[in-house]
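Engineer: I have a structure I would like to understand better, so I am pasting it below and will then ask my questions one at a time.
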Amino acid sequence: MSSPTADHDSAEVLDDIFETLAELAPEIRDSLPGRRTKSDEVNPSGETRMEADAYADELLEEALGGIDGVGWYASEEQAEPIDHGEGVSVALDPLDGSSNLKPNSPMGTIIAVYDGELPAGGDDLLAAGFVLFGPILTMVVARDGRLTESVVENGEIDVIDDDVTIPEEPTVYGMGGRVPDWTEGFAAFIDEIEDEYKLRYGGSMVADVNQVLTYGGIFSYPALQSAPNGKLRLAFEGIPMAYIIECAGGVSSDGTQSILDVEATDLHQRVPVHLGNEELIDRVEAHLADE
Ligand code: AFP
């Protein structure tokens with residue numbers, strides 16, 4: 001694959017990608033009420049897809065793949081990247097947290113833009129962002145080391161904070177995985193922090209990470225006894241969310257190192273995820289090192 005700068009200005013390509021995502025966001029949201037049932041298909045990670053997952057994936061592939069300067073479209077819903085010509089690779093979780101659709105709880109779309117062939121690591125990341133389908137439709141974009149938050153109305157981007165920074169005094173924590181399946185070190189970490197912070201976990205990474213950006217704290221989907229690499233996917237969830245948190249002054253970790261330094265060997269590989277204020281990430285890493 002050639003570099004985005006060969007024929008296209010990569011800043012322009014990134015502008016096009018995020019504008020297209022904002023234009024599609026209301027359409028994806030409008031499609032949700034009629035697509036709350038499970039389809040009879042499973043995704044490459046073995047999870048049953050909702051009708052809405054498939055619809056959002058098709059819509060995003062067609063629109064983002066059609067941008068001049070986008071070379072590959074990859075998604076959590078498809079086994080292999082799809083060739084769209086020359087340019088950057090976009091990697092998407094089209095509807096992250098779609099099991100929240102049934103109880104009408106928040107969910108989102110996560111995007112990572114890589115300069116290079118997939119699988120690619122944090123060094124190859126050009127930008128990342130997410131759309132949050134909450135009571136308000138918002139989008140955050142991490143680019144050039146800075147995080148911007150916008151409200152999306154009628155597909156238009158209205159920037160409300162052009163330098164999002166994680167609050168210095170953390171207040172919340174949210175963790176995935178069944179408690180008996182946590183490792184000893186992770187359980188000890190939670191034991192230590194539960195008196196200090198408020199537990200808030202909704203099961204949608206986009207919303208659970210956004211509350212950390214808003215209130216400060218930590219989000220983890222840790223290594224489990226039954227799944228040493230946890231649940232979340234490196235290319236579609238781990239790397240973009242790590243960059244988003246790091247652009248806001250927070251820290252990411254797979255337990256020992258920044259998620260942006262994890263070697264990418266497989267498009268659908270999983271990674272333990274810890275995101276939040278530095279002091280909390282230091283504490284979780286210390287407990288995990290003691291295991
Ligand atoms: P779904 O897309 O299947 O709802 O999974 C959501 C997710 O990938 C991520 O958004 C959550 O953080 C995590 O999985 C929730 O997993 P648990 O249901 O095990 O808490």
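Nothing in this text is a laboratory measurement; each read-out follows from the coordinates by a stated rule. Source: prediction; values computed, not measured. As a convention, Cβ positions derive from the backbone with ideal geometry for all residues, glycine included, and neighbour counts pool all protein chains shown.
Engineer: If a residue must be crowded, with 20+ Cβ neighbours inside 10 Å, more than 16 Å from the ligand (Cβ to nearest atom) and not hydroxyl-bearing (Ser, Thr, Tyr), how many such residues does segment 85-100 contain?
Structural biologist: Final tally of qualifying residues: 3.
Engineer: Separate question: Which condition does THR214 not pass, out of (1) surrounded by fewer than 19 Cβ atoms within 10 Å (Cβ to Cβ); (2) farther than 26 Å from SER105 by Cα; (3) without any contact (Cβ under 8 Å) to a residue 60 or more places away in the chain, if it passes all the others?
Structural biologist: (2)
Engineer: So, one more: Which of the residues spanning segment 132-147 are over 16 Å from ILE166 (Cα atoms) and among the β-branched types (Val, Ile, Thr)?
Structural biologist: ILE136, THR138
Engineer: Also, quick follow-up: Can you report the number of residues in segment 74-117 which are of a type outside the set (Asp, Glu), more than 18 Å from ASP15 (Cβ to Cβ) and not in a loop (DSSP other than H, G, I, E, B)?
Structural biologist: Result for segment 74-117: 12.
Yes/no matrix, rows are residues, columns are (1) small (Gly, Ala, Ser); (2) within 14 Å of the ligand (Cβ to nearest atom):
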site	(1), (2)
PHE189	no, no
GLU192	no, no
SER204	yes, yes
VAL209	no, yes
GLY216	yes, no
SER226	yes, yes
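Engineer: Let me ask another. Quick check on this structure: which one of ALA142, ALA120 is more than 16 Å from the ligand (Cβ to nearest atom) and assigned to a strand (DSSP E or B)?
Structural biologist: After ruling out the rest, the residue left standing is ALA142.
Engineer: While we're here: Between a first residue in segment 88-102 that is under 18 Å from LYS231 (Cβ atoms) and in contact (Cβ under 8 Å) with a residue 24 or more places away in the chain and a second residue that is of a type in the set (Val, Ile, Thr) and near the ligand (Cβ under 7 Å from one of its atoms), which pairs have beta carbons less than 8 Å apart while being 6 or more apart in sequence or on different chains?
Structural biologist: Here the result reads ASP96/VAL206; GLY97/VAL206, each pair linking segment 88-102 to a residue that is of a type in the set (Val, Ile, Thr) and near the ligand (Cβ under 7 Å from one of its atoms).
Engineer: Is there a residue being within 16 Å of the ligand (Cβ to nearest atom), within 26 Å of LYS102 (Cβ to Cβ) and crowded, with 18+ Cβ neighbours inside 10 Å anywhere in segment 155-173?
Structural biologist: Within segment 155-173, one or more residues are within 16 Å of the ligand (Cβ to nearest atom), within 26 Å of LYS102 (Cβ to Cβ) and crowded, with 18+ Cβ neighbours inside 10 Å.
Engineer: Let me ask something else. Checking the structure you have, find out if any residue of segment 58-75 is closer than 23 Å to VAL251 by Cβ and in contact with a helix residue (DSSP H, G or I) (Cβ under 7 Å, 6 or more places away or on another chain).
Structural biologist: No; the residues of segment 58-75 include none that is closer than 23 Å to VAL251 by Cβ and in contact with a helix residue (DSSP H, G or I) (Cβ under 7 Å, 6 or more places away or on another chain).
Engineer: Quick one: would you say GLY65 is closer than 28 Å to ARG36 by Cβ, away from the ligand (no atom under 16 Å from the Cβ) and either of a type in the set (Lys, Arg) or in contact with a Gly (Cβ under 9 Å, 6 or more places away or on another chain) (or both)?
Structural biologist: For GLY65, the condition - closer than 28 Å to ARG36 by Cβ, away from the ligand (no atom under 16 Å from the Cβ) and either of a type in the set (Lys, Arg) or in contact with a Gly (Cβ under 9 Å, 6 or more places away or on another chain) (or both) - is met.
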